[in-house]
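Everything on this sheet refers to the single structure shown next.
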Amino acid sequence: MLDDKRKSNLAFLLTRVLCEAEIAAPTLSEEETSYTARSLWPLINSELKKFSDFPLRVRGDGGDRSIPASHLGEQFFPDLAVTLEGHGVDNHIWAVEVKFLRDDSRNNSISTALGQALLYRQRYLYTAVLFVDVSSYVPGEQPISQAELQRLDDLTDSTIVVRRAMAGRLHRCEVRPLKPRS
């Protein structure tokens, strides 16, 4: 059985993969959906194979459609999600929203992704936002501090991951503890 502790461990492992895995940066013309399908979905699917005793399934861009969160008559679909198949609504384990931070749309991308993470928390036990920073690099620019990310984690009840694209790769980041849905 995949009890609450194992679900927490699984979500932490998957979030750690988003933070630490060697991942290619998106191409200049690539959109989030194709990037997720090309680079992230296979990575998460590979990690799930380590849990072959359980009917876990990665959904979203690159696979079967994710299970939506419904609010105000609208449906919101995570870019990536992990579910325990055939075990009911409490087994929507992990959802991720992927957003590129570009020079011309940073503000909108941040607010949209944080809002979506809040909505996903109603259905999924754990949620994360992966910001892929593809904006122009400014020498000497300070990265987002861990304290600021922790404040966003607390605000959204999710884990916020920021990775900067440089030299064709995503730079690694630190992973923070996850919180289950209240």
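Values as computed for the structure displayed
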item: Filter pass, LEU72 being modelled with pLDDT of 90 or more, farther than 21 Å from GLU20 by Cβ, touching a His at 6+ places or on another chain (Cβ under 6 Å) and among the hydrophobic types (A, V, I, L, M, F, W, C); result: no
item: Residues within the range 35-49 that are touching a Gly at 6+ places or on another chain (Cβ under 8 Å), polar (S, T, N, Q) and under 17 Å from LEU170 (Cα atoms), tallied; result: 1
item: Pairs where the first residue, in the range 12-34, is closer than 10 Å to HIS171 by Cα and the second is small (Gly, Ala, Ser) and surrounded by 16 or more Cβ atoms within 10 Å (Cβ to Cβ), C-beta under 6 Å, 6+ apart; result: ILE23/SER39; ALA24/SER39; ALA25/ALA165
item: Scope the range 66-91; condition assigned to a loop (DSSP other than H, G, I, E, B) and surrounded by 12 or more Cβ atoms within 10 Å (Cβ to Cβ); matching residues; result: SER66, ILE67, PRO68, PHE77, PRO78, ASP79, HIS87
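Residue-by-condition table, conditions (1) of a type outside the set (Ser, Thr, Tyr); (2) under 16 Å from LEU152 (Cβ atoms):
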residue	(1), (2)
VAL96	yes, yes
ARG102	yes, no
ARG106	yes, yes
SER111	no, yes
GLY115	yes, yes
ARG121	yes, yes
TYR126	no, yes
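The values are calculated or read from the model by the stated rules, or taken from the named source; none is laboratory data. Keep in mind that what you see is a predicted model, and the values were worked out from it rather than measured. Cβ sites come from the backbone with ideal geometry, for glycine too, and all protein chains shown count toward neighbours.
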